[in-house]
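Working notes, beginning with the structure itself.
The values are calculated or read from the model by the stated rules, or taken from the named source; none is laboratory data. Just so you know, these numbers come straight off a predicted model, no measurement behind them. Every residue, glycine as well, gets a Cβ built from its backbone with ideal geometry; the counts of neighbours run over all protein chains shown.
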Amino acid sequence: MTPQDLTSRSAASEWTIADVLSHLGSGAEIMLATLDGALGAAAVPGPGFRESVWDRWNALAPQEQAGAFVGSNEALVSRFEGLDPSQREHLRVDLGFLPAPIDVLTTASLRLNEFTLHSWDIAVASDPSATLAPEAVEFLFEPLRMLIGWIGQPGRIGGVPPVLDVRTTDPERRIGLDLGETVQIVPPPADPAPTLAIPAEAFLRLTAGRLAPEHTPPGVSLDGDGPTLDDLRTTFPGF
């Protein structure tokens with residue numbers, strides 16, 4: 001990318017493309033240090049570590065942020081790929097913001113979720129029809145189950161909060177989306193319910209606040225009495 005590209009606005013409303021790359025690069029550095037701490041290969045990061053990494057990355061020029069991102073992300077991917085079978089099965093990683101340490105698969109899936117969504121933030125800046133990377137989509141439903149209670153804003157839909165019957169394509173899945181006091185993914189409703197038919201990648205973008213009307217693919221429908229698509233956009237304001 002040119003310097004002008006890097007300083008142009010991304011789909012993350014307050015960030016340039018370089019800001020997004022800086023966020024992903026600093027995030028990779030933080031997760032790598034956390035992973036190394038769990039492995040006993042380095043000291044566990046202490047208080048203020050995250051802030052010191054963010055400050056250092058924020059001080060870089062846009063071109064430096066882009067260049068440093070590539071190396072930082074590759075270092076994290078290489079560490080994940082270098083774990084042996086026993087480490088992949090038994091290692092537990094304390095990310096610092098969850099109630100308890102989590103396994104390697106969950107750790108990697110959270111990084112994949114962040115990486116995929118922010119990659120879209122960059123891609124859509126030059127291609128309004130951009131979608132989430134298809135090879136990642138099927139792996140993002142599990143981190144969504146973990147995060148949806150935090151990213152969904154309950155109480156923004158009037159009346160009795162429904163459980164939506166969500167039916168996705170590419171891949172095909174059927175889940176229930178409970179919009180009650182705590183937004184959560186539940187089993188599909190047994191009784192007739194408002195039905196959201198949507199590509200899987202678009203559903204993931206909806207829950208991440210990235211399904212504005214201009215980025216909604218044809219064929220998305222929400223049938224039955226209940227909330228509208230705009231109501232759902234309000235429930236998931238993004239992060």
Item to check | Hits in the stretch 12-69 (condition: buried (at least 18 other Cβ atoms within 10 Å of the Cβ), closer than 19 Å to Trp120 by Cα and among the charged types (D, E, K, R)) | outcome: Asp19
Next on the checklist: So the check is Cβ under 9 Å with 6+ separation or different chains; which pairs have a first residue in the stretch 182-196 that's farther than 17 Å from Leu222 by Cα and a second one that's at pLDDT 95 or above and hydroxyl-bearing (Ser, Thr, Tyr)?
Outcome noted: Val183/Thr207
Checklist entry - Just one of Leu222, Leu232 is in contact (Cβ under 8 Å) with a residue 24 or more places away in the chain, in a helix (DSSP H, G or I) and touching a strand residue (DSSP E or B) at 6+ places or on another chain (Cβ under 8 Å); which is it? => result Leu232
Item to check | Residues satisfying the stated conditions in the stretch 128-153, i.e. assigned to a helix (DSSP H, G or I) and of a type in the set (Gly, Ala, Ser) | outcome: Ala136, Gly149
Item to check | Where a residue in the stretch 57-74 is within 14 Å of Met31 (Cα to Cα) and assigned by TED's automatic domain parsing to the domain that holds Ile122 and its partner, wherever it lies, is surrounded by 14 or more Cβ atoms within 10 Å (Cβ to Cβ) and of a type in the set (A, V, I, L, M, F, W, C), with Cβ under 7 Å and at least six apart | outcome: Phe69/Leu21; Phe69/Leu24; Ser72/Ala28; Asn73/Leu24; Asn73/Ala28
Checklist entry - Do we have Leu105 as in the same structural domain as Ser78 (by TED's automatic domain parsing), without any contact (Cβ under 8 Å) to a residue 60 or more places away in the chain, assigned to a helix (DSSP H, G or I) and farther than 30 Å from Thr2 by Cα here? => result yes
Checklist entry - Which numbered condition trips up Ala100, out of (1) free of Cβ contacts under 8 Å to residues at least 24 places away in the same chain; (2) crowded, with 18+ Cβ neighbours inside 10 Å? => result (2)
Next on the checklist: Please go through (1) part of a loop (DSSP other than H, G, I, E, B); (2) assigned by TED's automatic domain parsing to the domain that holds Pro213 for Ala125 and return the number of the only condition it doesn't satisfy.
Outcome noted: (2)
